[in-house]
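Input: a single structure, listed below in structure tokens.
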Amino acid sequence: KAAEESGGKQWYQRRVRGSERSLAAGTLAEICQAMKESIIPFTESMYTVFMRGIKDNSDEVISNSVFGLGVLIESSGPTLAPKFPEILGILSTFLKQDGDRRTVDNVLGAVARMMKTNPGSLPLETIFPTFVEWLPLQEDYEENITVYTAIYDLLNSNCQVAITQLPTLIPIMITQLTNKKVDDETKSKLTEILHGVTNQYQDLTLKSITPDQAEILKQALAHLNGS
């Protein structure tokens, strides 16, 4: 543990180039993601490292550290739930119009991982509308599947906060179906969500979208049904 903490401090020294700090943060994030629940004995140490990275002066280091924090939360189960208020407070400072968009996307990914892991530990009625407000992702498209899986899970559990946001969410999800930067896995998840929403909230869906969006939705559902 002492070696890990020393290493964490070492790569955050300002004399270490930003590109090297960014690489270190990204590598540690990937390790956390690969180890899954095996990371739990080291969660506290890694939490300290990523929180230090979030306070860096390099956008790349911050973005990778936010991503690392998210995957650490996901891999650690309920371990970090008591720290959610602190985490949310810090992450919210990056949600600004003139901020680094990749960092914003990684903030959304981190919050999505919090929602997937411990939704009961979050003030969803407060954070989910803000979460939706910053969609869709614009830079880090790899976080899409995490974001929309979290939304799917909430809707599948009949979360009223998520259902209330459907008039905003539905058009966003439909537009992503024609976004060439969105991968097939994400589009499949989006179609799955929209299929369920359309079946359960047909009138609301039709009232929330334009004719062009309705045609995109029709084609996507037809493809899903094999027709």
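The values are calculated or read from the model by the stated rules, or taken from the named source; none is laboratory data. All values reported here derive from a predicted model rather than from experimental measurement. FYI the Cβ positions are ideal-geometry reconstructions off the backbone, even for glycines, and counts take in every protein chain you see. Side chains are part of the model used for accessible areas, which takes the heavy atoms of the whole protein and leaves out ligands, DNA and RNA. Shrake-Rupley method; radii C 1.70, N 1.55, O 1.52, S 1.80 Å.
Results, tabulated for the structure shown:
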read-out: Check: the chain dipole with +1 on Lys, Arg Cβ and -1 on Asp, Glu Cβ, in debye; value: 400 debye
read-out: Using a Förster distance of 22 Å, the FRET efficiency for residue 51-residue 130 (Cβ separation, nearest 0.05); value: 0.55
read-out: Pair residue 37, residue 180: separation of 7 Å Cα→Cβ label points (nm); value: 4.3 nm
read-out: Theoretical gain in end-to-end length, residue 163 to residue 19 [0.36 nm per residue, Cα-Cα removed]; value: 47.7 nm
read-out: Residue 100 long-range amide H proximity, modeled H, under 5 Å; value: none
read-out: Three-way shape label, region 43-174, alpha-carbon gyration tensor, a/c 1.5; value: oblate
read-out: Cα centroid separation - region 112-152 against region 82-109, whole Å; value: 11 Å
read-out: Sulfur and carbon atoms: percent of accessible area, the chain [1.4 Å]; value: 50 percent
read-out: On Cα atoms only, tilt of 184-200 relative to the major axis of the chain in degrees; value: 50 degrees
read-out: Dipole of the chain [Lys/Arg +1, Asp/Glu -1 at C-beta], most positive-end residue of 31, 46, 73; value: 46
read-out: Area accessible to solvent at residue 182, 1.4 Å probe radius, in Å²; value: 10 Å²
read-out: Inter-label distance, nm, simple model (7 Å from Cα along the C-beta direction), residue 92/residue 222; value: 4.6 nm
read-out: Backbone HN-Hα couplings from phi across region 172-181 [Karplus 6.51/-1.76/1.60, Hz, Gly and Pro as x]; value: 4, 5, 5, 5, 6, 5, 10, 7, 5, 7
read-out: Average silhouette area of the chain, convex hull of alpha-carbon atoms, in square nanometres; value: 13.1 nm²
read-out: Accessible surface, the chain, averaged per residue in Å² (probe 1.4 Å); value: 50 Å²
read-out: All lysines inside 20 Å of residue 189 as judged from Cα atoms, apart from same-chain residues fewer than 8 positions distant; value: 116, 180, 181, 218
read-out: Heavy-atom SASA rank of 188, 58 (probe 1.4 Å, accessible area, largest first); value: 188, 58
read-out: Helix-only [θ]222 nm of the chain, DSSP H runs n ≥ 4, -39500 (n - 2.57) each, per residue, nearest 500; value: -22000 deg cm²/dmol
